[in-house]
Amino acid sequence: MSGLVFTARALLRTPQGRKMFRYSMASVVAVVVSVALLVVFDGLLRLGAVVSSTLATGIATVPSYEMNRKWAWGKTGRGHLWKEVVPFWVLAFIGWGFSTYAVKLTESGLRNSGLAHLERTGIIAVVYVAAFGVLWVAKFIIFNKILFATHPHDLPPSLDGRTGVPG
């Protein structure tokens, strides 16, 4: 166990480890927001699993984008619409499509189960989170290597090696 803790601490001291930790924390926030909204929309307002997961995903994507872009990847300024914003939302709604399919199947399977509405809502929330969890690792790789990657041509000349050491 102490070896695992040592490895985790060592990883958190690296830029990549801090990025992974911040991505994880942004994901936790997005999950909490989306599940809370899913429970409100499905459990309290009874909008149904598909409408509820759509609204929850759409709303939770806003803080998720901002936290990932600014905190996890350290980007500043405005995001580029076609290079960052649209691809981020596309990935979010790929996750939504997968999770919505999963919650719709679950909702259909539970229809005649005899479970109380609150119990069905709880099961739907677990399936919703699990479906997004499946895509979590893939999204990190896409964010890190493509979406929020820092390219040398994006850096000021003094930092990318074009002009040598600033003096």
Q. Within region 50-77, can you find the residues that are within 30 Å of SER108 (Cβ to Cβ) and not hydrophobic (A, V, I, L, M, F, W, C)?
A. SER52, SER53, THR54, THR57, GLY58, THR61, SER64
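May I ask you to verify whether ARG69 is assigned to a helix (DSSP H, G or I), at pLDDT 90 or above and of a type in the set (D, E, K, R)?
Yes.
Would you say GLY77 is in a loop (DSSP other than H, G, I, E, B) and either of a type in the set (Phe, Trp, Tyr) or more than 17 Å from the chain's Cα centre (by Cα) (or both)? Lay out the reasoning, then the answer.
Numbers: in a loop (DSSP other than H, G, I, E, B): yes; either of a type in the set (Phe, Trp, Tyr) or more than 17 Å from the chain's Cα centre (by Cα) (or both): yes.
Against the criterion (in a loop (DSSP other than H, G, I, E, B) and either of a type in the set (Phe, Trp, Tyr) or more than 17 Å from the chain's Cα centre (by Cα) (or both)), GLY77 qualifies.
Out of ARG69, ARG111, report the one residue that is more than 20 Å from PHE148 (Cβ to Cβ) and either in contact with a helix residue (DSSP H, G or I) (Cβ under 9 Å, 6 or more places away or on another chain) or not acidic (Asp, Glu) (or both). It would help to see each step written out before you state the result.
Details: ARG69 fails: more than 20 Å from PHE148 (Cβ to Cβ).
Sole residue among the options that is more than 20 Å from PHE148 (Cβ to Cβ) and either in contact with a helix residue (DSSP H, G or I) (Cβ under 9 Å, 6 or more places away or on another chain) or not acidic (Asp, Glu) (or both): ARG111.
Conditions (1) surrounded by 12 or more Cβ atoms within 10 Å (Cβ to Cβ); (2) under 18 Å from PHE93 (Cβ atoms), marked per residue:
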| position | (1), (2) |
| --- | --- |
| ARG13 | no, no |
| LYS19 | yes, no |
| VAL33 | yes, yes |
| SER52 | yes, yes |
| GLU66 | yes, yes |
| LYS70 | yes, no |
| THR76 | no, no |
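For VAL51, state whether it is in a helix (DSSP H, G or I) and modelled with pLDDT of 90 or more. Please lay out each step first, then the result.
Working: in a helix (DSSP H, G or I): yes; modelled with pLDDT of 90 or more: yes.
The answer is yes for VAL51.
ARG46: out of contact with any Ser or Thr (no Cβ under 7 Å at 6 or more places or on another chain), among the charged types (D, E, K, R) and either surrounded by 19 or more Cβ atoms within 10 Å (Cβ to Cβ) or under 20 Å from VAL134 (Cβ atoms) (or both), yes or no? Outline the logic, then answer.
Numbers: out of contact with any Ser or Thr (no Cβ under 7 Å at 6 or more places or on another chain): yes; among the charged types (D, E, K, R): yes; either surrounded by 19 or more Cβ atoms within 10 Å (Cβ to Cβ) or under 20 Å from VAL134 (Cβ atoms) (or both): no.
Judged against the criteria, ARG46 is not a match.
The values are calculated or read from the model by the stated rules, or taken from the named source; none is laboratory data. Note that the structure is predicted; figures quoted are calculated from it, not measured. Every residue, glycine as well, gets a Cβ built from its backbone with ideal geometry; the counts of neighbours run over all protein chains shown.
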